[in-house]
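Structure record follows, encoded as structure tokens.
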Amino acid sequence: MVIGHFGVGLGAKKFAPSISLGTLFIAVQWADLLWPVLLLLNVEHVDIRKNNPHFPLDFTDYPVTHSLLMGAVWGLCFGLLYWLVKKDRRSAIVLGICVLSHWVLDLIVHAPDLPLFPGNSPKVGLGLWDYPVLTWLAEGLFFIIGLMLYLKTTRQKTTPENGVCGYWSFC
Ligand SMILES: [Zn+2]
């Protein structure tokens, strides 16, 4: 999933308004932010599929960034770090859930290539990426719901012009 993750980050503001949007976006996208780094370090691996018109990448090995167990571990790390710095238990829990949400949303769209844990794990995925229209509907749904929650929860701090420009430049 792509923009759906950002929808979760936007929507999380309702449950933990004190967390900055930037921190929430890092949390929901942590797996995809770390993944290219581990590719470059040859820790995780991907193949290029030339015969798949919908999605050219074959995620052969990415247990550190995209296994369920490591998603929970990363979520725990994020939550613990946030709690140590801010002493805000509720926000720390929300942040940890945001990190784990990445795996759950990826589960919907990925082919069965998501491991449950590092090592010899079964791989899962519901394969929505094989259906581009449904994929974009799901992405859009997550993003719009998250955006609506965000807009209901927050108020702009600058002039209306700056707020509108900033908002649309983001979208
Ligand atoms: Zn991902």
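The values are calculated or read from the model by the stated rules, or taken from the named source; none is laboratory data. Note that the coordinates shown come from a computational prediction; the quantities given were computed from them, not determined experimentally. Glycine also receives a Cβ, built like all others from the backbone with ideal geometry; neighbour counts cover every protein chain displayed.
Observations
- Among the residues making up segment 1-24, those that are outside any helix (DSSP H, G or I) and either without any contact (Cβ under 8 Å) to a residue 24 or more places away in the chain or hydroxyl-bearing (Ser, Thr, Tyr) (or both) are 18, 20.
- Residue in segment 58-66 that is in a loop (DSSP other than H, G, I, E, B) and either surrounded by 22 or more Cβ atoms within 10 Å (Cβ to Cβ) or under 15 Å from the mean Cα position of the chain (by Cα) (or both) present: yes
- Per the listing 67, 91, the residue uniquely of a type in the set (S, T, N, Q), more than 21 Å from residue 13 (Cα to Cα) and at pLDDT 95 or above is 67.
- The sole residue among 72, 31 that is touching a His at 6+ places or on another chain (Cβ under 6 Å) and modelled with pLDDT of 95 or more is 31.
- When residues in segment 25-52 are screened for being part of a helix (DSSP H, G or I) and either charged (D, E, K, R) or away from the ligand (no atom under 16 Å from the Cβ) (or both), 2 of them pass.
- Single residue of segment 79-97 satisfying the filter (crowded, with 17+ Cβ neighbours inside 10 Å and out of contact with any Phe, Trp or Tyr (no Cβ under 8 Å at 6 or more places or on another chain)) that is nearest to residue 23 (Cα to Cα): 82
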